[in-house]
Amino acid sequence: MLDELDHLLVTALQIAPRADWSTLGEVLDIDASTAARRWARLTKAGHAWIGVHQSVQAIVPGSPLLVAFIEVDCSAGRLHEVAARIAEDTHVFNLEHVSGSRDLLVTAVFTDHAELARYVGFRLGALDGVAASRTQVATTLHTEGSRWRLDRLTEEQRRKLAPATTGRLPSRTVPERDLELVRVLSEDPRQPVARLAERTGLSPTTVRRRLDRLDAEQALAYRCEVARSLSGWPVSVSYWAAAPQSRAAHLAKSISTIREIRLCASLSGPHNLLLAAWLRSVDDIAAFESQLTDRHPELVVADRAVTLWPMKLAGHLLDPQGRHLRAIPLGRWHDPRSDTAEADLLARLRTPSVQ
C-alpha cells in the first residue's frame, strides 16, 4: 500500500504536474531529493504516473473532437484477444473489461461522425471475435478524470501549487505547429524545458512560451494517476442513467461535484447520462446509488457495470491491478484497410445494381 507521503506527493502532482522538485518539497515539508526519489520509486513500480493529452473536457457542437462510448460484445474466449487489438488504437482513450451486459467499454476520440462510423463499421466490425457493438456519442463532458484528486493536502498547500488562472476561455484545440511538442511532452510530462527543446529543435524560450500559452488556454489536460488498487478507491462502477432532458444539464452539474464521481457525460442515446464513480468497496455500490438517487430524485439509474480490469486509462496500458505498463500517446485514428473497405462500399453504392 502507498503510505501517507506517497498520497501527498500524488495529490501535489495532480494539482501541479510540472512543478519542480524544490517547490513540491517545500509544500510537502520534505527536501527536493526525497520528493524526486519517492516519485521515481512510484513510477518504476507502476504505482503512479503522469500523462498529458489534448483537452476533451468540454465537447460541444462544432468542437474539433468527438467522444464516443462504445460497448463491445465478444465471442466466447476471444475477449482478451479483441481487447489487445483495440488497446493499440491511438485514439482509444479508455478500455475497460466490465461486468454486466457488455464485455468491453471503450472510450474513444474522433474528429467527426464519419470517422466514428468508419471505425465502428470497418474496424470493430471486421475484428475477429467481436460479436456486436453499440455506440453512444457524448454531447457534453461535464467532468472527467483529470479533475479528480486524492485530496490529501490542506487548502494552504493547494493554494501554493495551484496555477494562476488567466480568465481566458478554453481553446479546446492544440495548434498544428504545437502537435509535435505535445507528442514529445506526452512521453514524459515532467521533462524539463531544455530536454523538450533539444528533442523538438525549438529554443527553450519558444518551448516555455508555447507551453505557457497551452496551459493558459486549457488546451492540455494533465493527469497524475495512481493504481486504483492502491488509491483507497479500488472499485470503479459505471452507471447509465436517464433524466428529463430539460433537467439533465442541471443534474449533471450537481452530480459532477460528488466526491466519488470521475466522469459525468451527457449521451445521445436513451440513457442520457453516463457516470463513473470510484468507490471504497463493493459494499458501497448499492449505498452510493441510493444516495445518488435520493439526492437527485429525477434521476433513474437504468444499468450499472463494475470494472473488472481497467485495461487502458487515458492512453496508458494497465495490468489487472491498475498498475502502469506503458503509454500509447493519444492521436488521430488512421487505418488504411478501413479506408479501403469504405471506398469499396462507396463504389458499390455508386453503381446501380442489376436486377
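The values are calculated or read from the model by the stated rules, or taken from the named source; none is laboratory data. Note that the structure is predicted; figures quoted are calculated from it, not measured. In this analysis, Cβ positions are derived from the backbone assuming ideal geometry, glycine residues included, and neighbour counts consider all displayed protein chains. When the accessible area is computed, the model is the full protein with side chains, heavy atoms only, and any ligands, DNA or RNA have been set aside. Shrake-Rupley method; radii C 1.70, N 1.55, O 1.52, S 1.80 Å.
Miscellaneous remarks
- Search result, residues across region 148-170 that are open to solvent by less than 60 Å² (accessible area, probe 1.4 Å) and modelled with pLDDT under 55: PRO170
- Among the candidates SER231, SER238, SER246, residue that is at pLDDT below 95 and either surrounded by 19 or more Cβ atoms within 10 Å (Cβ to Cβ) or under 18 Å from the mean Cα position of the chain (by Cα) (or both): SER231
- The residues listed here are ALA114, ALA36; of these, the one that is out of contact with any helix residue (DSSP H, G or I) (no Cβ under 7 Å at 6 or more places or on another chain) and either aromatic (Phe, Trp, Tyr) or without any contact (Cβ under 8 Å) to a residue 40 or more places away in the chain (or both) is ALA114.
- When THR107, THR135, THR173 are checked against the criterion of being part of a strand (DSSP E or B), of a type in the set (Val, Ile, Thr) and under 17 Å from the mean Cα position of the chain (by Cα), a single residue qualifies: THR107.
- Residue count for region 3-18, restricted to those that are open to solvent by 20 Å² or more (accessible area, probe 1.4 Å) and not acidic (Asp, Glu): 4
- Total residues in region 204-228, condition farther than 30 Å from ARG304 by Cα and either open to solvent by less than 50 Å² (accessible area, probe 1.4 Å) or in contact (Cβ under 8 Å) with a residue 60 or more places away in the chain (or both): 10
- The sole residue among PRO329, PRO310, PRO297, PRO352 that is open to solvent by 30 Å² or more (accessible area, probe 1.4 Å) and under 18 Å from the mean Cα position of the chain (by Cα) is PRO329.
- The one condition in (1) open to solvent by 40 Å² or more (accessible area, probe 1.4 Å); (2) farther than 18 Å from ALA68 by Cα that PRO270 fails to fulfil: (2)
- Region 249-267, subset over 26 Å from GLY322 (Cβ atoms) and among the small types (Gly, Ala, Ser), residue most open to solvent (accessible area, probe 1.4 Å): ALA249
- Single residue of ASP29, ASP103 found to be surrounded by 19 or more Cβ atoms within 10 Å (Cβ to Cβ) and without any contact (Cβ under 8 Å) to a residue 40 or more places away in the chain: ASP103
- Top-ranked residue in region 1-26 [being assigned to a loop (DSSP other than H, G, I, E, B) and in contact (Cβ under 8 Å) with a residue 40 or more places away in the chain; ranked as nearest to GLU155 (Cα to Cα)]: ALA16
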